[in-house]
Structure formats: structure tokens, C-alpha cells
Amino acid sequence: MIYSENNDLYDLNEALKVENLTISDYEEICKRLKRKPNRTELGMFGVMWSEHCCYRNSKPLLSNFPTKGKNVLVGPGENAGVIDVGNNQKLVFKIESHNHPSAIEPFQGAATGVGGILRDIFTMGARPIAVLNSLRFGNLDKSSNVDLLRGVVSGIAHYGNCVGVPTIGGEIDFDDSYSGNPLVNVMALGLLETNEIVCSGAKNVGSPVLYVGNTTGRDGVGGASFASSELTTSSLDDRPAVQVGDPFIEKSLIEACLDAFKTGDVIAAQDMGAAGLTCSSAEMAANGNLGISIDLDLVPSREDNMSSYQYLLSESQERMLLVVKEEKINNLIEKFHKWGLYANVIGEVIETNEVIISHKSKIVAQIPTSALSDDTPVNVHNVMNNPPDYLLKKWEWTENNLPEIKEQKIFSLKDNKSFSYSQIILKLLSNPSIASKRWIYKQFDSQVQSNTVFKPGESDAAVIRLREQNEKDNKVFSGVAASVDCNSRWVSLDPFRGAIAAVAESARNVSCVGAEPVAITNNLNFSSPETEIGYWQLSSSCNGISEACKTLETPVTGGNVSLYNESKNKNNEITPINPTPVIGMVGKIDNVEKAISSEWKNIYDEIWLIGSYKSETTIAASSYLEYFHGEITGRPPKIDLLDEKFCQNFLRNAILNSFVVSSHDISDGGLAIALAECCILSGKGASIELQKDLNRYDNLLFAEGGSRIIFSIDKMKEKEWLNYLSKFQINSKSSIYLKKIGYVSNETFNIQIQDKNICNIRVEELTEKFNNSISDNF
């Protein structure tokens, strides 16, 4: 037990454990304060020095990301990134995680994840216009994973639908590594409605600090520290660390804040998200190079007898902190009251660089702003010089390890029996990670605000029309495309190549609708960085993201790091998640009428394939290898980023010139599954002819990689298309290939290789397998 300077008594070891701080952290705190911290101050340092708030394990890696570009207006460091999308319009976007809260309280954990990312958007002065999500769960053969999926999807649907922001797209994957630790990543986009971007730095000594929004309770206390630790069998005891949201208050808060921001009377704004009042006040002071004084007795509370610790660390939802012009304070308070919100002056900006907190007429915390926010501790980790031995062993795998193909049938190493190619296609289409996600996205309102161009599942990327509020449909509208992507299997087998592929695929998806990829936000979901392999995975993935973003010219505008994603059972056995660096890519298109979806359009339209010989195509690390043969092995294919860039540029130009009428990238399941998905979406068939080279038939059908895209050409423009192609130097000497592989047909999906009929499946049968896989679990 120790006494701090103001004579409060606490058990140091127990307190450090609660706050996820080390003895060396405590010694550093004493050095910065020049005294011992009291218990409230220790809690403030605990949340501010957590991985969730200060990136103490990942900061050196994040600093290598490319963050500048011709369209970037605001990069990392603010609440969200901002890019110029033309026509005097600015897009605000970011992705965040709510993994640990969703693991123990799936509905509220996911719901408040949506609420939190929306506040990051409108805090900048932008109206939220869209939400996407990236979700990971354990396999659905376990009832606990089904329950988590149901709760998370319900939470996202509840909050997004009620607040009036469309959920326009996303991705979901299932793997046993996520059974104890699901991933819930939410990305939001907003269109700036104010003349100036609203930033978070406090200005003008004496300016009032205005608390607006909902009341403060004990929910979410210590949530940032909770999010920075591993999940154990006792994590259910941490349910109070999960916030409880109210989307209707959030809707009022959006309108009230945007109304206030437009007056120009708000100097700075910060939402009370992770670490609540502690983080918002400290960051506003630090970003403005000033101090801030807060009186907790003035904070609207919903519970009696709250301690200063609880006030400061509460993560109650729908709350904002504003620095405002003193002479306009009454007008602003009236605006928030009009929307049924609390609006209390709880402090002021001060000249000394300190955060001073008082409660019950006593100072309960007095900390230099630099001590909390600047030069936060960095945990130094050594990066392994070579990949771990278990991966090197997996990289030795070749297709020669697979059974021989006999009589156009393949023996499954997983099921110990042979299947035809048609049976394999149907089997892959029914796997939950590949199958339709209709059961999920049908619960989301994707059409609210009336700017969604394609419904979820119709296109490779979501597309939103950019239209100001109350603007009439009397002109050509520009738009933005957005995609979230990560093949975590690839990342687990090669973090560097897998991360490159995540950036490339997210850009490819945006290009497939006709939009130009502009910038990314990322959510780095990894296990403990304190293990050699865990930190090597994180470091290698960051290197891959950097390399891909530099070549594709898509800078990083911000994001989130979520570490310690692993579960511990009663025997203290730790299961880390597959490393999952989710990439949220945004792109711009000048005319949304030019955007295209994935389904075939007309019978007899030609089907073409573009790809790169330099970008490897292989069965290694593929969905086919895992879901059909039961093996997760091999080295993911290498992507040639220059060829990837060329393929995307070529496709976009062909779309904008109105030759290409549908487009779909080749990813999970390879060429056969991509073709089948286009058939399912359109209700039309395809007649495909492939030439056998040195590859096995299953390589031609199910291999992944190759920077490949399938697209269809308007049958009425075949001659013009061939004339258009003659302008490009794509020939036998080129590393790019462009092939006509078939045409759109009526009701049957047919593939021939060297005049051999490989599969012949009715589209109706494809659709039944694809659409019902996930819903059959409920």
C-alpha cells in the first residue's frame, strides 16, 4: 500500500494491474510529475498510455506509412482523414475496431462501435453518409460463434438503421482463430458541410469548454485499457467496461453539432470516445499547446456518488467536448437544448500547459499535458531477421503435394473421396466465407439518404452519390467508392505479401466499379506484440502496406491499431487470431452514372480476362486448398504492383469509355468462383473456353492471385472494343495478358478446357448453394 501526495491510499501492484501499467511506467509517471500520482491520476495515465490511445507498441511502425498525396488534406493525427474529391467537396473517413467489447457483449459492443466511428466523422464537421464493416468470427459449427454473429449483426443494424446512416458494404470471414476473439471493424465516410475542417486543438486562453450530448455514467469505465489486453475466461466480468449506446441521441448530436459548427463559433471539437473525458481534454490541450481546467461537479451525470476516477474514465456514449467563443456560449447552449441534449460549461482553456481536474471543490488531478500526451512510452521490440521455421516449412509446399486428377475428378484430402469439378464449385460456393452474405446485409438499411448507387453484394465496391443536403437531381453527380478488404489466410502465411495483397485487392475492387483509388485507412488487428512472432507479423504487414500504398499512390490518412487479439482458455492456453490488417480504400468517380456492377448485363456479351504474368497465380494459400483439401499451407502469390496498377488503370479507362458493362475481381475461390458469382448475380449463364497450359485443371479453375479481373463487353461494341485495344501494347512480349474467354449465355454455367466439358451447372443450382449457406445456420 502506498500514499500519494494528496494522502489517498491504494495498493500499487493491484492498481498497476488494473491500469495495464508496468513498474517502469509508474517510475516514469513519478519522474514526469515530480511526485507520486494519486489513484485518479494513475487511472488517467493508464488509459492515455494504453495501446488503444498511444500506440505504444506500434508507433515506430506506423511512422513509415506514406501519408501525403495530392488529394490528402488531413492525414494521421486528427479524428479522421480528409481528402479532396473534387467539385469543392471533401470526404472524411476512418475505420475503428470494437473487438474486445463485442466479444463479451456483442450487441452493445458492435452498436457502440458504429456510434464511435460516426462521432469521429462529424467531429470534423462532416455529415456521415455511409458505413461499411469488416467482421471475423469463428466457424459456424459452434453455437457460441453463431450467437456472437447474431448479436454483432443486430447491434450494427440497430445503431446504423436508427441513426439514419446507410450500411453500404463490407466483408466477413470465418476461421477458428476468431472463436474466442471476433473482430468488429467499422468504417465510416462523411461529406464536409462546414467551410473549414473542425480540428481538435484548443485555442484562446479563457475560452469556455462546453460539454454536450448525453449524460455520464459508470458504463465503459476503463474501456481503453480493457481493449488493450487479452481476453480470458474471466473477461465476462468486464461487462461494465462495455459502453451502452443510444442512436437517437447520436442523431440529435449529429444535427446539433453540424448546426453549431456552421456558425463558426466552435473553436475546437473532440468526441469522448476511448478514455472519455480524460483523452478528449488532454488531447485538446496538447494539440493546442495550451492547458485545460475541468470541474467534474458541472458534468451532467446519470448516476449518484460517482468518483472522479469514474467521471474521467467513463466511456458513456454520445458525448462531445467543445472549445467555443465566450461571447457565443448562450447561443450555442440554446442550439443543443433545442435538440434535447445536455450542454454545460464545465471548464476553460488555461495558459499553463496542464490538465487540471477538480471535484467537490478540490483538485483531484493536475498533470502537465506533455506528460499525458507527448512522448508517450514506446515498447521496443526486436524484429526477427527471418520468417519463423513453421512458415518456411509451409512455403515448401507445391502443387505436386496434391492428388493426381483422374477421370476429371479430384480426390479431396479433407473428405477422403473424389469430386467432379461441378461438385467442387458448388462446395466452395456454399462455404460461409465465400457464400452470399445476404442474411447479414439484408438486416442493414443500405438505402437511407437515397444516395446508394448499388445495393450490398451487387458490386465489388460500394458507391455513394455525392449530393449536398436538399440538392435536387438536376446535374451530373460525382461519387465515391469504398471497399474493406483483407485475406487473413494470406497474411497468416506471409504477412508481407498478404498485406500487399490486401491493399491491392481493395484498390482493385474500387477500380472494378470505375472509380480511381485515392487513399486508405487501415485497422491493424493482431495478437500480442510481446511475442516474437506476433511483432514480426505486425512489422512485416506494416512494411507490406507501405510498399503497396507507395506504388499504388494511395496514402494512409489514419486508422486504428487493435492488439492483444487472442483468447486464453481455462488451461491458460493462448489462441492468437490470424493477423488481419483490414484496408479501407476510398476512390472517386466523376460521374456515378458511369459506375458498373458485377453481374452480367446482356446475353452474348463477351467475357474477357485481364491479368499479369509477373503476379503469381497459385493454388498455394488458396480457399480451394483450405476448404476442399483442408490444408492451410503454401506461400501466397507475389503481386507485381506495377502490373497491378496497369491492369486497374486499363480497366477504369475501358469502363469510363463505356466498353465494359460489368466487372469482378478474381479472389477467393479463383476464376471459377468469380465467374459463378457473376452468373448468380445476373441470373444469366456463361459459356467459357480455357486453354490448358502447364497447369493442372484445378489450378486454372481455383488458383488465386495474378492481379486478375473478369469483365464483360457490350455485344454492340465489339468492333469499337477491338479498335480500342489496338492502342495498347499488350502482346506476347508483354507481362500483361488480355484474353477473351467466353460469352454470357442463358441459364447454364459451362466451362470447357481444350474442348473437354469440365462443368455444366444450372444457374439456379449455383444460386441455391450460394444464397442459403449462412442462413441455414439460424
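The values are calculated or read from the model by the stated rules, or taken from the named source; none is laboratory data. These figures come from a predicted structure and were not determined experimentally. Here the Cβ is made from the backbone with ideal geometry for all residues, glycine too, and neighbour counts use every protein chain on show. These accessible areas exclude ligands, DNA and RNA; they are computed on the full protein's heavy atoms, side chains included. Shrake-Rupley method; radii C 1.70, N 1.55, O 1.52, S 1.80 Å.
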### Message
Being hydroxyl-bearing (S, T, Y), open to solvent by less than 50 Å² (accessible area, probe 1.4 Å) and over 17 Å from R39 (Cβ atoms) is the filter here; which residues of the range 332-386 pass it?
### Response
T369, S373, T376
### Task
Report yes if some residue within the range 725-732 is of a type in the set (F, W, Y) and within 23 Å of K756 (Cβ to Cβ); otherwise report no.
no
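Only one of these is closer than 19 Å to C759 by Cα, buried (at least 20 other Cβ atoms within 10 Å of the Cβ) and of a type in the set (F, W, Y): Y624, Y697. Name it.
Y624
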### Message
Test of understanding: among N523, N572, which residue is in contact with a strand residue (DSSP E or B) (Cβ under 8 Å, 6 or more places away or on another chain) and either open to solvent by less than 20 Å² (accessible area, probe 1.4 Å) or outside any strand (DSSP E or B) (or both)?
### Response
N523
### Query
Would you say K733 is in a strand (DSSP E or B) and open to solvent by 90 Å² or more (accessible area, probe 1.4 Å)?
no
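State whether one or more residues within the range 267-277 are part of a helix (DSSP H, G or I) and either open to solvent by 10 Å² or more (accessible area, probe 1.4 Å) or among the polar types (S, T, N, Q) (or both).
No: zero hits.
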### Query
How about the range 34-142: which strands (runs of 3 or more DSSP E) wholly inside it have at least 1 residues that are basic (K, R)?
90-97, 126-137
### Query
N509: part of a helix (DSSP H, G or I), closer than 27 Å to R465 by Cα, of a type in the set (S, T, N, Q) and touching a residue at least 60 places away in the same chain (Cβ under 8 Å), yes or no?
yes
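Say we look at the range 493-520 and pick out the residues that are of a type in the set (D, E, K, R) and open to solvent by 10 Å² or more (accessible area, probe 1.4 Å); which of these is farthest from D640 (Cα to Cα)?
If we take residues in the range 493-520 being of a type in the set (D, E, K, R) and open to solvent by 10 Å² or more (accessible area, probe 1.4 Å), then E516 is farthest from D640 (Cα to Cα).
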### Task
Any residue in the range 135-161 that's over 22 Å from S567 (Cβ atoms): show its pairings with residues that are hydroxyl-bearing (S, T, Y) and assigned to a strand (DSSP E or B) at Cβ separation under 6 Å, as long as the two are six or more apart or on different chains.
G160/T167
### Query
If you check every pair at least six apart or on different chains, which have Cβ atoms under 7 Å apart with a residue in the range 530-554 that is touching a residue at least 60 places away in the same chain (Cβ under 8 Å) and crowded, with 23+ Cβ neighbours inside 10 Å first and a residue that is hydroxyl-bearing (S, T, Y) and in a loop (DSSP other than H, G, I, E, B) second?
L538/S58
#### Entry: Among (1) assigned to a strand (DSSP E or B); (2) within 14 Å of S539 (Cα to Cα) - the single one V518 does not satisfy
(2)
### Query
If we only count helices (runs of 4 or more DSSP H) wholly inside the range 385-457, which ones have 2 or more residues that are more than 26 Å from the chain's Cα centre (by Cα) and either within 20 Å of T618 (Cα to Cα) or of a type outside the set (K, R) (or both)?
389-395, 421-429
### Task
May I ask you to list pairs of residues, at least six apart or on different chains, whose Cβ atoms are under 7 Å apart, with the first in the range 751-778 being in contact (Cβ under 8 Å) with a residue 12 or more places away in the chain and at positive phi and the second being exposed (fewer than 14 other Cβ atoms within 10 Å of the Cβ) and of a type in the set (K, R)?
Q754/K692
### Task
Examine the range 43-65 for a residue that is within 30 Å of I589 (Cβ to Cβ), within 18 Å of the chain's Cα centre (by Cα) and crowded, with 18+ Cβ neighbours inside 10 Å, and state whether such a residue exists.
yes
### Summary
Looking across the range 72-89 at residues that are of a type in the set (S, T, N, Q) and open to solvent by less than 20 Å² (accessible area, probe 1.4 Å), the single one that is nearest to E516 (Cα to Cα) is Q89
### Message
Just to be sure before I move on: is S539 assigned to a helix (DSSP H, G or I) and more than 30 Å from I425 (Cα to Cα) in the structure I sent?
### Response
yes
### Message
Which of the numbered conditions does L766 fail, given that it passes all the others? Conditions: (1) part of a strand (DSSP E or B); (2) buried (at least 20 other Cβ atoms within 10 Å of the Cβ).
### Response
(1)
